[in-house]
2 protein chains.
Amino acid sequence: MFEFTITARNNRARTGVFTTPHGDLLTPVFAPVGTQATVKTLTPEHLKDINATLVLSNTYHLYLRPGDELVRDMGGLHTFMQWPNPMLTDSGGFQVFSLAQTRKIDDDGVTFKSHIDGSTHRFTPEKSVSIQENLGADIIMAFDECSDPNDHAYTKIAMERTHRWAERSVKAKTRADQALFGIVQGGVNADLRAASAQFISALDTPGIAIGGLSVGETKEEMHAMLDMVTPLLPENKPRYLMGVGTPEDLINGVARGIDIFDCVLPTRLARHHSAFAPEGRLNLMNATFARDQRPIDETCDCYACKTFTRAYIRHLIVAKELLAGTLISIHNLRALIRLMASIRGYIDDGTFESRVPELLSQWHGNAARKLRHQEHEVHEVHDEKPL
Amino acid sequence: MFEFTITARNNRARTGVFTTPHGDLLTPVFAPVGTQATVKTLTPEHLKDINATLVLSNTYHLYLRPGDELVRDMGGLHTFMQWPNPMLTDSGGFQVFSLAQTRKIDDDGVTFKSHIDGSTHRFTPEKSVSIQENLGADIIMAFDECSDPNDHAYTKIAMERTHRWAERSVKAKTRADQALFGIVQGGVNADLRAASAQFISALDTPGIAIGGLSVGETKEEMHAMLDMVTPLLPENKPRYLMGVGTPEDLINGVARGIDIFDCVLPTRLARHHSAFAPEGRLNLMNATFARDQRPIDETCDCYACKTFTRAYIRHLIVAKELLAGTLISIHNLRALIRLMASIRGYIDDGTFESRVPELLSQWHGNAARKLRHQEHEVHEVHDEKPL
């Protein structure tokens, strides 16, 4: 269980197969986010249709609602939400620090108030692992602290705490059918990232996550950290870049040796009427699409593109019909899943490295545009809030 | 085209086949409502899966948004919304009288202000037919006036206007691939209903609608009107009871010789968390379902019931996830479509009449409960407003 086999390499990029109790993941892979045990507005059938393989859910949200013990008693997350393929849960750490109110951190854990009803709760590494064992995802995360990347002194404190918490998380884990990944932290500080990569690698977890990126730093800082960190990680373990990202982030991440990604961007954009398209990101509410008989993307094989015109989807948006969000979500997720499939093909045939400029240029119009305010909010990057 | 063949009779109830350019309708049939060219939160695939055959759309809404000429230019309603099976549009009359603001009626037509932006518009019988020809449904309606059922004097005036408008509607019609139904009005007045049934029958339209019921009158009044009207209608034409209704209304309507029904009830209830179930209508938000591992209805073959537990759907509701409305809509529609299929079977085998008490008793818990305020509003019974 949880074997990772690298099948091809192209400089630092690689394809692989990660074996889980719910099936094999072909990497590099992009995971849709199903914060509350559902990828918003989609059925599991929609997810199967677009060839989604790995789905992420958020521990913080499910702990608060409906409760991890309830999910356990209902047969675990796979059964509860009827997703038969691999799943991943985060540790809840990021949400506690970004979403919960009036949190208080100490070396043992974090006390926080629920963003839903203000009730008081406490997460420790042991509690986070226990919740994730109740939820039952295939891949689970060590409890970590994600700090302000611009405060070097505090980032060091938070990183060292994250290391102690990673050790405690590993120790607390009891289920053999779950792979717990340690998380590399250290903000945008090369010395801290190096120390963290070495410490977490030494824990010998079956995979390694890189946290604390895509939280406000520049793209150059993100790339510099990845350029520095991935060479320090063991080759034979999958690397998961948490909460990332845009199409260009995926291309750049794979080129730097990342295997697993997740992000709410495609589904959140969809609910704000924004679709990935060959000519760049389209706001389908725009009047220019009122009589556009083309699909969102003529080259796309998703249900939305094979079935509906931009004119129809634009009508749904203007008429405030929720089906619009469903259809664009299907398309946007399929677009990133197709991107990852083509990237795997390019790695396998040895052309990925040389195609990076072409890929970045193809996706430039979908990535370069300034994100709108609500997409920028840090605490929304890593979980799905309602529209 | 538009042949109606009666295949079995059981007292006044009958089964039949109504031939349309988009396929045969087995009657009695229940049509889901897709007010704005979409059955809210469902894809056409969902509708095919539950064996929906006839879908209704609202002329008033589509005229205002996206505009009937746009729909025409996009290939018509079937192509626009990708519904390949039979469709029906109403005349817009009911919505003008119930939904639009500051309307002014004269013998030629109605001037009204849009409920969306307050802009001024005018419907006449000719305009309504022209819009419906642009939309291109298989079954279209004569323009009618639906008046306050308690005002006998005005109801007579409105009915007579409806008759003149029906004649003008028939005359205005140009497309051979659409069946225009005249509409019997007359409120809850036996004398007016009789006069209207005779007048509309004499127009020899390929089907006849009964309007102005389920708008606030008692069940006894509705039944009395149907008992009186249907024997006056030609046997060999389908009869459509507009905007009706609850499961018990369907059973009672079929028993009184009705062939076609439509109602927003199943989908509106769904978006308010209310599901048809063997034990009666369930508000699935109730805490009692938090750990209920049964489907909504163990006897139901719909995707929601074959896949998800009440516990999961309750979680989606509490977490404000839109998928809840999708799943309950699928189930509620399937429940009524299955009811109609079993009614057809009972008519065919000659047992329907004797099974009416049993059917009414089976559905009692789903029908008897008092509707909530928003379900009661007259103007919402015949079209779908946003949640």
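Restricting to segment A:41-82, give me the number of residues that are in contact with a Leu (Cβ under 6 Å, 6 or more places away or on another chain), farther than 29 Å from A:H273 by Cβ and among the β-branched types (V, I, T).
Count: 1.
Hey, among B:M74, B:M87, which residue is hydrophobic (A, V, I, L, M, F, W, C) and either on the phi > 0 side of the Ramachandran plot or without any contact (Cβ under 8 Å) to a residue 60 or more places away in the chain (or both)?
Among B:M74, B:M87, only B:M74 is hydrophobic (A, V, I, L, M, F, W, C) and either on the phi > 0 side of the Ramachandran plot or without any contact (Cβ under 8 Å) to a residue 60 or more places away in the chain (or both).
Applying the selection to segment A:27-85, what residues are among the small types (G, A, S), within 13 Å of chain B (Cβ to nearest Cβ) and more than 21 Å from A:S98 (Cα to Cα)? Break it down into steps so the answer makes sense when it comes.
Going residue by residue through segment A:27-85, those that are among the small types (G, A, S) are A:31, A:34, A:37, A:52, A:57, A:67, A:75-76.
Filter once more, so that each one left must be within 13 Å of chain B (Cβ to nearest Cβ): A:34, A:37, A:57, A:67, A:75-76.
Matches in segment A:27-85: A:G75, A:G76.
Please go through segment A:312-354 and pick out each residue that is facing chain B (nearest Cβ under 7 Å), assigned to a helix (DSSP H, G or I) and surrounded by fewer than 21 Cβ atoms within 10 Å (Cβ to Cβ).
Listed by number, the list holds a single entry, A:V318.
Among the residues of segment A:144-157, is there at least one that is among the aromatic types (F, W, Y), surrounded by fewer than 20 Cβ atoms within 10 Å (Cβ to Cβ) and farther than 21 Å from A:G16 by Cβ?
Yes, segment A:144-157 has at least one match.
So which residues in segment A:121-161 are in contact with a Phe, Trp or Tyr (Cβ under 8 Å, 6 or more places away or on another chain), of a type in the set (V, I, T) and in a helix (DSSP H, G or I), if there are any at all?
Within segment A:121-161, A:V129, A:I131 meet the criteria.
Determine which single condition B:R122 fails, assuming it passes every other condition in (1) farther than 30 Å from B:T19 by Cβ; (2) in contact with a helix residue (DSSP H, G or I) (Cβ under 7 Å, 6 or more places away or on another chain); (3) of a type in the set (K, R).
So the condition that B:R122 fails would be (2).
Taking the criterion of being without any contact (Cβ under 8 Å) to a residue 60 or more places away in the chain and either within 12 Å of chain B (Cβ to nearest Cβ) or more than 24 Å from A:L203 (Cβ to Cβ) (or both), would at least one residue in segment A:227-239 satisfy it?
Within segment A:227-239, none of the residues are without any contact (Cβ under 8 Å) to a residue 60 or more places away in the chain and either within 12 Å of chain B (Cβ to nearest Cβ) or more than 24 Å from A:L203 (Cβ to Cβ) (or both).
Tell me yes or no: at least one residue of segment A:209-230 is assigned by TED's automatic domain parsing to the domain that holds A:M74, under 27 Å from A:R122 (Cα atoms), in a loop (DSSP other than H, G, I, E, B) and at pLDDT 95 or above.
Within segment A:209-230, one or more residues are assigned by TED's automatic domain parsing to the domain that holds A:M74, under 27 Å from A:R122 (Cα atoms), in a loop (DSSP other than H, G, I, E, B) and at pLDDT 95 or above.
Output the residue which, of all residues in segment A:273-311 that are in a loop (DSSP other than H, G, I, E, B) and at the interface with chain B (Cβ under 10 Å from one of its Cβ atoms), is surrounded by the most Cβ atoms within 10 Å (Cβ to Cβ).
It comes out as A:F308.
Does A:L269 qualify as being free of Cβ contacts under 8 Å to residues at least 40 places away in the same chain and of a type outside the set (V, I, T)?
When the stated conditions are applied, A:L269 does not pass them.
Under 9 Å between Cβ atoms, at least 6 apart or on separate chains: pull out the pairs that start in segment B:172-187 with a residue that is within 21 Å of B:Q198 (Cβ to Cβ) and end on any residue that is of a type in the set (K, R) and assigned to a loop (DSSP other than H, G, I, E, B).
Qualifying pairs under 9 Å: B:L180/B:K173; B:F181/B:K237.
Identify, please: which residue in segment A:37-80 is more than 16 Å from the chain's Cα centre (by Cα) and of a type in the set (K, R) and is, among those, surrounded by the fewest Cβ atoms within 10 Å (Cβ to Cβ)?
A:K48
In segment A:258-288, which residues are out of contact with any strand residue (DSSP E or B) (no Cβ under 6 Å at 6 or more places or on another chain) and not hydrophobic (A, V, I, L, M, F, W, C)?
Of everything in segment A:258-288, those that are out of contact with any strand residue (DSSP E or B) (no Cβ under 6 Å at 6 or more places or on another chain) and not hydrophobic (A, V, I, L, M, F, W, C) turn out to be A:P266, A:T267, A:R268, A:R271, A:H272, A:P278, A:E279, A:G280, A:N286, A:T288.
Identify, by number, the condition in (1) outside any helix (DSSP H, G or I); (2) crowded, with 17+ Cβ neighbours inside 10 Å that A:P84 doesn't meet.
(2)
Among the strands (runs of 3 or more DSSP E) contained in segment B:22-67, which hold 1 or more residues that are polar (S, T, N, Q)?
Qualifying strands (runs of 3 or more DSSP E): B:23-27, B:55-57.
hydroxyl-bearing (S, T, Y) and outside any helix (DSSP H, G or I): is that true of B:T79 in this structure?
Here the answer is no, as B:T79 does not meet what is asked.
The values are calculated or read from the model by the stated rules, or taken from the named source; none is laboratory data. Note that the structure is predicted; figures quoted are calculated from it, not measured. Here the Cβ is made from the backbone with ideal geometry for all residues, glycine too, and neighbour counts use every protein chain on show.
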